[in-house]
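Colleague: Shown below is the structure under consideration.
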Amino acid sequence: MTFDVAWRYSDLDEARTGQGGGREVRHDGTGEPVLLNLSPNRTKVRGHGIRWSLRYSF
């Protein structure tokens, strides 16, 4: 029987959005949509993960 532990790191560089408009609408459908003026954004996309496994050989 073998117990494995693995760690994974991913760096997927940047995610960017441009400037633009949008609107907010309530889930229940009440009220008027609210217009939004969205500014450009950017962020790093990174992730960490741990995986455990148990292997049995016969």
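Each reported figure results from applying straightforward, stated rules to the coordinates on display, with no laboratory input. Keep in mind it's a predicted model, so treat the numbers as computed, not measured. Cβ: placed from backbone, ideal geometry, glycine included. Neighbour counts: every protein chain shown.
Colleague: Using 0.36 nm times the number of residues separating TRP52 and GLU24, minus their current alpha carbon distance, what extension gain do you get? Each step should come with its number before you reach the end.
Modeller: Details: separation 28, 0.36 × 28 = 10.08 nm, distance 4.14 nm.
Separation in residues times 0.36 nm, less the Cα-Cα distance, equals 5.9 nm.
Colleague: Moving to a separate point now. Summing Lys, Arg as +1 and Asp, Glu as -1, what charge do residues with Cβ under 15 Å from the Cβ of SER10 carry, SER10 excluded? Please report the intermediate quantities before stating the final value.
Modeller: Details: positive: ARG8, LYS44, ARG46, ARG51; negative: ASP11, ASP13, GLU14.
Neighbour charge sum, excluding SER10 itself: +1.
Colleague: Here's a follow-up. Would you mind counting up the charge near THR43? Only other residues with Cβ under 15 Å from its Cβ, with Lys and Arg at +1 and Asp and Glu at -1. List each step's numbers first, then the result.
Modeller: Numbers: positive: ARG16, ARG42, LYS44, ARG46; negative: ASP11, ASP13, GLU14.
So the surrounding residues net to +1.
Colleague: Just one of (i) 60; (ii) 35; (iii) 63 is percent of Cα pairs over 20 Å apart calculated from these coordinates, so which is it?
Modeller: Of the listed options (i) 60; (ii) 35; (iii) 63, (iii) comes from this structure.
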